[in-house]
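The values are calculated or read from the model by the stated rules, or taken from the named source; none is laboratory data. In this text, all values refer to a predicted model and were calculated from it rather than measured experimentally. Please note: Cβ atoms are built from the backbone with ideal geometry, for glycine as well, and neighbour counts cover all protein chains shown.
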Number of protein chains: 2
Amino acid sequence: MASEFDLIDRYFKRAAPPGMLGVGDDCALFGVPPGMQVATSTDLLIEGRHFFPDVDPRALGHKSLAVNVSDLAAMGARPIGCLLGLALPEVREPWLAAFAEGFHAMAHAAGCPLIGGDTTGNPGVLAISVTVFGAVRPDAALCRSGALPGDDIWVSGALGDADIAYRLLSGQMPPDDALLAHTRAALDWPQPRFALGQALAGVARSAIDISDGLLQDLGHILKASGVGARLYLDDLPVSAALAGVPADRVRHAVLAGGDAYELCFTAPADRADAIRVIGAESGVAVTRIGAIEAGTGLTVLDADGAPLRDLPRGFDHFRSS
Amino acid sequence: MASEFDLIDRYFKRAAPPGMLGVGDDCALFGVPPGMQVATSTDLLIEGRHFFPDVDPRALGHKSLAVNVSDLAAMGARPIGCLLGLALPEVREPWLAAFAEGFHAMAHAAGCPLIGGDTTGNPGVLAISVTVFGAVRPDAALCRSGALPGDDIWVSGALGDADIAYRLLSGQMPPDDALLAHTRAALDWPQPRFALGQALAGVARSAIDISDGLLQDLGHILKASGVGARLYLDDLPVSAALAGVPADRVRHAVLAGGDAYELCFTAPADRADAIRVIGAESGVAVTRIGAIEAGTGLTVLDADGAPLRDLPRGFDHFRSS
């Protein structure tokens, strides 16, 4: 068995960017520009709980970092770098090479290089921890607590694909190879909205990334901000790939499907034009889906203006099912 | 089962220090003083691999953070805060309460408050990831690559206890309740040398914390610095608790025993008095154990000045045995 040190060197040691100290010391070192704070987030991903055991290791490497970069985006932070902890049940070098390739490609795309970590054996399942760092001006950070009554509610991209792909793969929907082919990339290769998130810093008032479902994640903003909201069902951006899927299934996927990694954010109504420009410049569709209200509670209105009953609860695929 | 959010609130949410944003948003936020860099390190600890399944949860909470704070100390960094990832096979609230108590007590002692994290279920074993942040002046950071020929080699505290406790607990030594009573605290409650490490920043030239054994960890300094070293066996600080242990067992524990979390560091010979003062002010014994030499290789000399043959390899208890 190759030693921990050999593995780290071969697959994870990369030259650190200028001004940083990377893999190979007791700590990594990095700086932040004057006046900015460090934004940081960590996720622990467990085989069988957060990903299928047979997932493509390149996709897993990508997604392990992507879901953390998505947290930086939801804070409006510019990525600086990341740490990776890997507990491997066995050393399968082709697997590790593919995982590293997916991880480094995401790191390169987001400007979030790997600067340190920990690799260890593990008698049980595969466990992956990723910690990301970014820089943000404290007064521009997109906290969950910033929403105010009258704010528009926006969402990036289109919703529902990842949920449908998960249900196809887990046997909760009948096999449909064409539908799976059109939706699986959303589940396996989520694209964190880091350019959009940074551009929204100082413009939007609050943001969150959708990991557990739109309703549940927007609920975190409402709770932290002490406000309510209404959403317009017909305004929710639905993935074009879902055209042939039954309407109730689509509705559930859009409102409660996890693993979307789109941004849900709020902004003053008079910034709507600015936000459309930011979306266009970031190359990401942005859609106004509702408004923040005084009080509490979350209402979804149908095309007739009637509130939906029995709203689906948000959830994370790999946690509750 | 209590939800992830309930558990986080109950056991891990604490008021963030002034100027920081803590648990409960997409990211935690913290600042660093002008001119300083962020030092960061992460560890992934797996049940059965890094700790015994029946370990006292308070001790485990303490040690999970302590081993990371030790990495900050080895860099000369002042602790700022930490993130915790917990994958729990089952929710045992008394266990979680005790773990949190040990974790928060260590955080308080080191000035390294918990500011974010991730909690999830896990079908397999318990997994713990901890990431720490500290602040250090980049020109004062104690990198592994800074040792120069002529430097003294120092070590903090006394060595050997944790190794002996591990061997007693794992059945590699015959049962000895008195010896276990005197050594177990070193294994379960390691005391990271954060005050000493900060005071050494800008004075010592290189440092590492001893997690895998003195010889192996000093070897990392030698490799990174491109130098060799000699150590004086009789100068190595041996724990008083090991007085009745056979000499060959003690020698192995001191040279190769893991989990010590003492600092091994090098400094110019003319700073010896300053280092003794720093040790006294930090409340930690510091002992000069050898010297850095030009070239490569690590020699341990006995009382007669003869080099030891068959040096034990360094290792981590919970990885290779």
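At a glance:
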{"read-out": "Among residues of the range A:239-249, those that are surrounded by fewer than 21 Cβ atoms within 10 Å (Cβ to Cβ), in contact (Cβ under 8 Å) with a residue 24 or more places away in the chain and outside any helix (DSSP H, G or I), counted", "value": "2"}
{"read-out": "Index of the failed condition, A:Ala110 passing every other in (1) among the small types (Gly, Ala, Ser); (2) touching a Ser or Thr at 6+ places or on another chain (Cβ under 9 Å); (3) within 20 Å of A:Asp209 (Cβ to Cβ)", "value": "(2)"}
{"read-out": "Test: residue in the range A:33-43 that is within 11 Å of chain B (Cβ to nearest Cβ), on the phi < 0 side of the Ramachandran plot, of a type in the set (A, V, I, L, M, F, W, C) and in contact with a helix residue (DSSP H, G or I) (Cβ under 9 Å, 6 or more places away or on another chain)", "value": "yes"}
{"read-out": "Residue in the range A:66-89 that is within 13 Å of another protein chain (Cβ to nearest Cβ), of a type in the set (Lys, Arg) and more than 23 Å from B:Leu72 (Cβ to Cβ) present", "value": "yes"}
{"read-out": "Single match in B:Ser156, B:Ser170 (criterion: under 17 Å from B:Ala66 (Cα atoms) and among the hydroxyl-bearing types (Ser, Thr, Tyr))", "value": "B:Ser156"}
{"read-out": "Subset tally (residues that are free of Cβ contacts under 8 Å to residues at least 24 places away in the same chain and aliphatic (A, V, I, L, M)) for the range A:99-140", "value": "1"}
{"read-out": "Selection status of B:Gly134, touching a helix residue (DSSP H, G or I) at 6+ places or on another chain (Cβ under 7 Å), within 13 Å of chain A (Cβ to nearest Cβ) and either surrounded by fewer than 23 Cβ atoms within 10 Å (Cβ to Cβ) or modelled with pLDDT under 95 (or both)", "value": "no"}
{"read-out": "Count of residues meeting criterion [surrounded by 17 or more Cβ atoms within 10 Å (Cβ to Cβ), assigned to a helix (DSSP H, G or I) and either at positive phi or not polar (S, T, N, Q) (or both)] in the range A:217-238", "value": "8"}
{"read-out": "Condition met for A:Ile292 (in contact with an Asp or Glu (Cβ under 8 Å, 6 or more places away or on another chain), at pLDDT 95 or above and surrounded by 15 or more Cβ atoms within 10 Å (Cβ to Cβ))", "value": "yes"}
{"read-out": "Subset tally (residues that are in contact with a helix residue (DSSP H, G or I) (Cβ under 9 Å, 6 or more places away or on another chain) and without any contact (Cβ under 8 Å) to a residue 60 or more places away in the chain) for the range A:81-98", "value": "7"}
{"read-out": "Any hit, the range A:186-193, residues being farther than 22 Å from A:Leu45 by Cα and in the same structural domain as A:Ala260 (by the TED database)", "value": "no"}
{"read-out": "Selection from the range A:185-229 of residues that are of a type in the set (Ser, Thr, Tyr) and within 17 Å of A:Ala73 (Cα to Cα)", "value": "A:Ser206, A:Ser211"}
{"read-out": "Within the range B:93-121, considering residues that are acidic (Asp, Glu) and away from chain A (no Cβ under 14 Å), the one farthest from the chain's Cα centre (by Cα)", "value": "B:Glu93"}
{"read-out": "Residue satisfying all of: in the range A:26-51; modelled with pLDDT of 85 or more and among the charged types (D, E, K, R); farthest from B:Ala28 (Cα to Cα) among these", "value": "A:Glu47"}
{"read-out": "Search result, residues across the range A:250-286 that are surrounded by 16 or more Cβ atoms within 10 Å (Cβ to Cβ) and assigned to a helix (DSSP H, G or I)", "value": "A:Val250, A:Arg251, A:His252, A:Ala253, A:Val254, A:Leu255, A:Ala256, A:Arg271, A:Ile275, A:Ile278, A:Gly279, A:Ser282"}
{"read-out": "Entirely in the range B:141-216, the helices (runs of 4 or more DSSP H) that have 1 or more residues that are within 14 Å of another protein chain (Cβ to nearest Cβ), free of Cβ contacts under 8 Å to residues at least 60 places away in the same chain and aliphatic (A, V, I, L, M)", "value": "none"}
{"read-out": "Some residue of the range B:68-78 being among the polar types (S, T, N, Q), farther than 11 Å from B:Ser129 by Cα, modelled with pLDDT of 95 or more and in contact with a Gly (Cβ under 9 Å, 6 or more places away or on another chain)", "value": "yes"}
